[in-house]
Every structure is written in C-alpha cells, then in structure tokens.
Amino acid sequence: AQSVSQHNHHVILSEAASLELGCNYSYGGTVNLFWYVQYPGQHLQLLLKYFSGDPLVKGIKGFEAEFIKSKFSFNLRKPSVQWSDTAEYFCAVGGSSASKIIFGSGTRLSIRP
Amino acid sequence: DAGVIQSPRHEVTEMGQEVTLRCKPISGHDYLFWYRQTMMRGLELLIYFNNNVPIDDSGMPEDRFSAKMPNASFSTLKIQPSEPRDSAVYFCASSGDRGQNQPQHFGDGTRLSIL
C-alpha cells in the first residue's frame with residue numbers, strides 16, 4: 001500500500017538550531033517526492049520537490065532534502081532555523097504518471113525565539 | 001497568475017443547512033483536488049478530477065458530500081445536510097500534469113464551522 005510516514009509529530013527547537021524532519025514512504029515504482037509548508041492560518045506551499053537526478057534537492061528559504069532510495073526516505077533539513085520557520089511541514093509522494101499525491105500527517109515545528 | 005481561488009473564506013452555519021464551497025483552479029491546470037484538514041485527522045484527500053471528470057472519490061466521507069466540476073474553471077463541494085463534525089478547513093488545489101507529477105497549488109481554504 002502507498003503511504004507516507006512522518007514520525008515526528010511536534011518538534012521544538014531554539015533559533016539557530018539545526019533541523020531534520022523525517023519522512024519515509026512506501027510506494028511501488030518511480031516516485032516523485034515533495035515537501036510542503038503551511039504557516040499558521042495559511043495554505044500549503046511547495047518547499048521543494050524531487051523528480052529525478054541529484055538526490056540532494058535545494059528548496060526555498062534555505063531548506064534542502066535528500067532522497068535516499070535504499071532507505072525509502074526523503075528527510076527535510078535546514079542548518080539553522082529561524083523563528084519564522086514555525087509552521088507545519090508535510091511530506092508527500094506521488095507516482096510518475098498519476099497526479100494523486102499522498103500526504104503525510106505533518107510535523108509541527110515550533111521555534112523558540 | 002491569480003492562483004487557486006476559493007470562496008467563501010469563512011462560513012458559519014447551523015447544522016442541517018446546505019453548504020457549498022467553490023473553487024477556481026489555475027488556468028490551464030487539468031487536475032483539481034479537494035482536501036479537508038482537521039486537527040484530529042490531518043489533511044485528507046476527498047476527491048480529485050482530471051479534465052473535469054471525477055477520478056477518485058474514495059475519500060468522500062459520506063453521501064452527504066458531493067463534488068462537481070461543470071467546466072475547467074470551476075468546481076463545487078457540497079455538503080447536504082451539514083453536521084458539526086464537518087467543521088474543518090477545506091482546501092482546493094490544482095496541478096498541470098505534463099506526463100509527470102506536478103506540484104499542487106493550494107487555495108487559501110474555506111474555514112467551515114457547523115454549529
């Protein structure tokens with residue numbers, strides 16, 4: 001069955017700390033992977049996406065994610081977080097030919113000023 | 001690019017009433033998705049359309065929910081009759097699938113409260 005797991009439900013960090021949010025997926029065939037961010041009271045916005053090529057993907061606002069095929073993972077990282085990164089982060093996976101995307105349950109990130 | 005436009009932004013109504021949520025996808029996008037977001041259940045895909053045709057409605061919770069896409073620029077999600085447990089934020093998203101998963105662009109959502 002296709003699924004996405006985000007094991008961290010709520011992460012609390014201080015400003016300038018490094019961030020890594022876990023994402024594991026189960027999907028047969030070629031995968032396309034996404035991270036979305038939802039700031040408080042706003043809609044989901046795309047942070048970054050992986051389709052093919054370099055497994056280390058750079059996104060907006062200093063975020064990056066690494067696709068590790070052998071581990072079925074696509075963890076999100078940022079070397080130094082800011083208070084403005086407080087948001088909920090969703091990992092998502094889709095196939096190469098279908099447009100239905102499966103979202104994880106989300107990880108809420110709280111940054112202490 | 002105007003983005004995905006949803007209306008209304010907020011709706012408060014009494015249980016038993018009919019609720020209609022509206023969505024205008026990004027021009028040229030041929031996929032449209034309806035999601036529901038709650039604290040308890042997170043983000044749930046309700047239904048999605050391709051070229052105005054419903055492809056997968058397995059996420060629609062009950063017969064009280066229905067969705068239509070009469071043309072490429074408009075879709076509705078209707079709840080009749082509404083119940084308090086339908087209270088949630090409903091998001092519409094669209095994407096253009098050019099042979100590969102394209103990112104979905106989300107609207108600002110409709111915050112629905114059923115009293």
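Taking B:Arg64 and the conditions (1) more than 19 Å from A:Val37 (Cβ to Cβ); (2) within 12 Å of the chain's Cα centre (by Cα); (3) surrounded by fewer than 18 Cβ atoms within 10 Å (Cβ to Cβ), which numbered condition does it fall short on, given that it satisfies the others?
Only one criterion is unmet by B:Arg64, namely (2).
Sort out which residues of the range B:13-44 are out of contact with any Leu (no Cβ under 9 Å at 6 or more places or on another chain) and farther than 22 Å from B:Pro84 by Cβ, and write them in order of number. Don't jump to the end; show me each part of the working.
Filtering the range B:13-44 down to residues out of contact with any Leu (no Cβ under 9 Å at 6 or more places or on another chain) leaves B:16-18, B:24, B:26-32, B:38-42, B:44.
The answer is B:Lys24, B:Ile26, B:Ser27, B:Gly28, B:His29, B:Asp30, B:Tyr31, B:Leu32.
Of the residues in the range A:59-91, how many are under 18 Å from A:Gln42 (Cα atoms) and either surrounded by 18 or more Cβ atoms within 10 Å (Cβ to Cβ) or among the aromatic types (Phe, Trp, Tyr) (or both)?
Within the range A:59-91, residues that are under 18 Å from A:Gln42 (Cα atoms) and either surrounded by 18 or more Cβ atoms within 10 Å (Cβ to Cβ) or among the aromatic types (Phe, Trp, Tyr) (or both) number 7.
Quick one: which of B:Pro103, B:Pro70, B:Pro54, B:Pro61 is without any contact (Cβ under 8 Å) to a residue 12 or more places away in the chain and in contact with a strand residue (DSSP E or B) (Cβ under 9 Å, 6 or more places away or on another chain)? Even if it seems obvious, please write down each step before you answer.
Working: B:Pro70 fails: without any contact (Cβ under 8 Å) to a residue 12 or more places away in the chain; B:Pro54 fails: without any contact (Cβ under 8 Å) to a residue 12 or more places away in the chain; B:Pro61 fails: without any contact (Cβ under 8 Å) to a residue 12 or more places away in the chain.
Among B:Pro103, B:Pro70, B:Pro54, B:Pro61, only B:Pro103 is without any contact (Cβ under 8 Å) to a residue 12 or more places away in the chain and in contact with a strand residue (DSSP E or B) (Cβ under 9 Å, 6 or more places away or on another chain).
Can you list the strands (runs of 3 or more DSSP E) found entirely within the range A:16-113 that contain at least 1 residues being of a type in the set (Ser, Thr, Tyr)? Outline the logic, then answer.
Details: elements: A:19-21, A:24-26, A:31-38, A:44-50, A:56-58, A:64-68, A:73-78, A:87-95, A:101-103, A:107-112.
Strands (runs of 3 or more DSSP E) meeting the threshold: A:24-26, A:31-38, A:44-50, A:73-78, A:87-95, A:107-112.
When you scan the range A:89-112, do you find a residue that is basic (Lys, Arg) and farther than 30 Å from B:Val53 by Cα, even just one?
Within the range A:89-112, the subset basic (Lys, Arg) is A:100, A:108, A:112.
With the extra rule that they be farther than 30 Å from B:Val53 by Cα, the set shrinks to A:108, A:112.
Looking through the range A:89-112, at least one residue is basic (Lys, Arg) and farther than 30 Å from B:Val53 by Cα.
May I ask you to verify whether B:Asp56 is over 21 Å from A:Val4 (Cα atoms), surrounded by 15 or more Cβ atoms within 10 Å (Cβ to Cβ) and of a type in the set (Asp, Glu)? Don't jump to the end; show me each part of the working.
On the way: over 21 Å from A:Val4 (Cα atoms): no; surrounded by 15 or more Cβ atoms within 10 Å (Cβ to Cβ): yes; of a type in the set (Asp, Glu): yes.
No: the conditions fail for B:Asp56.
For the range A:65-113, which residues satisfy the criterion of being more than 21 Å from A:Gly53 (Cβ to Cβ) and among the polar types (S, T, N, Q)? Before you say what the answer is, go through the steps one by one.
As a first pass, look at the range A:65-113 and keep what is more than 21 Å from A:Gly53 (Cβ to Cβ): A:78-90, A:100, A:102-113.
Within the range A:65-113, A:Ser80, A:Gln82, A:Ser84, A:Thr86, A:Ser105, A:Thr107, A:Ser110 meet the criteria.
Please give the strands (runs of 3 or more DSSP E) falling wholly within the range B:1-114 in which 1 or more residues are of a type in the set (Lys, Arg). Quick ask: steps written out before the conclusion?
Values: elements: B:5-7, B:10-13, B:19-24, B:31-38, B:42-50, B:53-56, B:65-71, B:74-79, B:88-95, B:110-114.
Filter on the range B:1-114 gives B:19-24, B:31-38, B:65-71, B:74-79, B:110-114.
Quick one: count up the residues across the range B:73-94 that are without any contact (Cβ under 8 Å) to a residue 60 or more places away in the chain and within 15 Å of the chain's Cα centre (by Cα).
Filtering the range B:73-94 down to residues without any contact (Cβ under 8 Å) to a residue 60 or more places away in the chain leaves B:73-77, B:85, B:87-89.
When the remaining residues are screened for being within 15 Å of the chain's Cα centre (by Cα), the result is B:73-77, B:87-89.
Count: 8.
On the basis of being within 14 Å of chain B (Cβ to nearest Cβ) and in contact with a Cys (Cβ under 9 Å, 6 or more places away or on another chain), does A:Ser73 make the cut?
Details: within 14 Å of chain B (Cβ to nearest Cβ): no; in contact with a Cys (Cβ under 9 Å, 6 or more places away or on another chain): yes.
No: the conditions fail for A:Ser73.
For the range B:32-45, which residues satisfy the criterion of being crowded, with 20+ Cβ neighbours inside 10 Å, more than 9 Å from chain A (Cβ to nearest Cβ) and out of contact with any Pro (no Cβ under 6 Å at 6 or more places or on another chain)?
Correct list: B:Trp34, B:Arg36.
In the range B:95-114, which residues are within 11 Å of the chain's Cα centre (by Cα) and more than 10 Å from chain A (Cβ to nearest Cβ)?
B:Thr110
Any read-out appearing in this document is the output of simple, stated calculations on the displayed coordinates, not a laboratory observation. Quantities reported herein were computed from a predicted structural model and do not represent experimental measurements. Note that we place each Cβ from the backbone using ideal geometry, even for glycine, and neighbour counts take in every protein chain shown.
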